[in-house]
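Note sheet for the following structure.
The values are calculated or read from the model by the stated rules, or taken from the named source; none is laboratory data. Worth saying up front: this structure is predicted, and the values here are computed from it rather than measured. FYI the Cβ positions are ideal-geometry reconstructions off the backbone, even for glycines, and counts take in every protein chain you see. Ligands, DNA and RNA are excluded from the accessible area calculation, which covers all protein heavy atoms including side chains. Shrake-Rupley method; radii C 1.70, N 1.55, O 1.52, S 1.80 Å.
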Amino acid sequence: MFGPQVPLARLSGIKIMLKSLPRATILLTLISLLLPANHLFAESQPSNQDFLIASMGVGTAVGVELFAKNHLLPEEPRFSKPNSLDAKFRNDMYWGNEKQAIAKQWSDNLVYGVSLSSLVWGPLLAEDHRTAALINMEVFAANSIVTNIIKMSIARERPYHYYKTMSSEGPSDFASFVSGHSSVAFSQAVTNSILLSESYPEYGPEIWTTMLGFAGATAYLRVAGDMHYLSDIVVGAGLGSLIAWTITRYEQNRFKENNENPINIAVMFKIPLG
């Protein structure tokens, strides 16, 4: 035996600490997104500091989605058998084995082609491009982080895995609740509906109808493709909408107040001349 021996109790403690680091980082990043950075020196337009914090949030959200989530999901589901309501709607809405892949593919097409792409075209079409860009980044980051925290905590078995309609996709088999597609679709839909309907008030109803229509179709296709249960998409849609509404209105009010009440700080120096 070479080198000092480390007690097993200490090794176990280190493993637990390392395992908890990603979750602690996620929570701290989320808090930084949802709280104002500095009201005393707040500006009437988003500052570079605002975009730095939002970029950190987006980076964390992408990192959790692509790398951390599969490592933090358990090897066995914590919840498996669906309740009677979810089972009923699953049987009614499921497209069947032959069309299951089509529904899944179209849900991906909508979430990438409409929802995630709105991170770009939403701010470009909005009247205040800079503020709209910041809000879109914050909403995406906060929604993605919260959604994945819930997924990892609940670890619900997906319907395709429970009913054996598809082959295993690895740790993602136990990430059914809540629906990430639904939360992303509705968070981006609500955010950009608020921003664009204020930029083009004459088209407000059409904007809301179109955006929520795409989001609803995305959520429906997740059940049709046997990727989620009804409760997964309903809670996901509600969660995404709540996060989007809260952050969008908060940031709009923050910059509006600063526009109406600018903070002027004058510094006077008295130099004695003898």
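Pairs linking a residue in the range 116-132 that is aliphatic (A, V, I, L, M) to a residue that is not in a helix (DSSP H, G or I), with Cβ atoms under 8 Å and 6 or more positions apart or on different chains, are A132/A126.
Only one entry in Y220, Y229, Y203, Y163 is in contact with a Pro (Cβ under 8 Å, 6 or more places away or on another chain) and among the hydroxyl-bearing types (S, T, Y), namely Y229. Residue-level check: of (1) hydroxyl-bearing (S, T, Y); (2) over 16 Å from the mean Cα position of the chain (by Cα); (3) closer than 14 Å to T218 by Cα, S84 misses just (3). The residue pairs whose first member lies in the range 34-57 and is open to solvent by 40 Å² or more (accessible area, probe 1.4 Å) and in a loop (DSSP other than H, G, I, E, B), whose second member is of a type in the set (S, T, Y) and at pLDDT 95 or above, and whose beta carbons are closer than 9 Å, counting only pairs six or more residues apart or on different chains, are P36/Y250; Q45/T131.
L134 falls short on exactly one of the conditions (1) of a type outside the set (S, T, Y); (2) in contact with a helix residue (DSSP H, G or I) (Cβ under 6 Å, 6 or more places away or on another chain); (3) within 24 Å of L73 (Cα to Cα), and that condition is (3). For the range 176-235, a residue qualifies if it is within 20 Å of M152 (Cα to Cα), open to solvent by 10 Å² or more (accessible area, probe 1.4 Å) and of a type in the set (G, A, S), and the qualifying residues are G180, S231. Of the residues making up the range 162-177, those that are in contact (Cβ under 8 Å) with a residue 12 or more places away in the chain and either closer than 13 Å to R90 by Cα or polar (S, T, N, Q) (or both) number 5.
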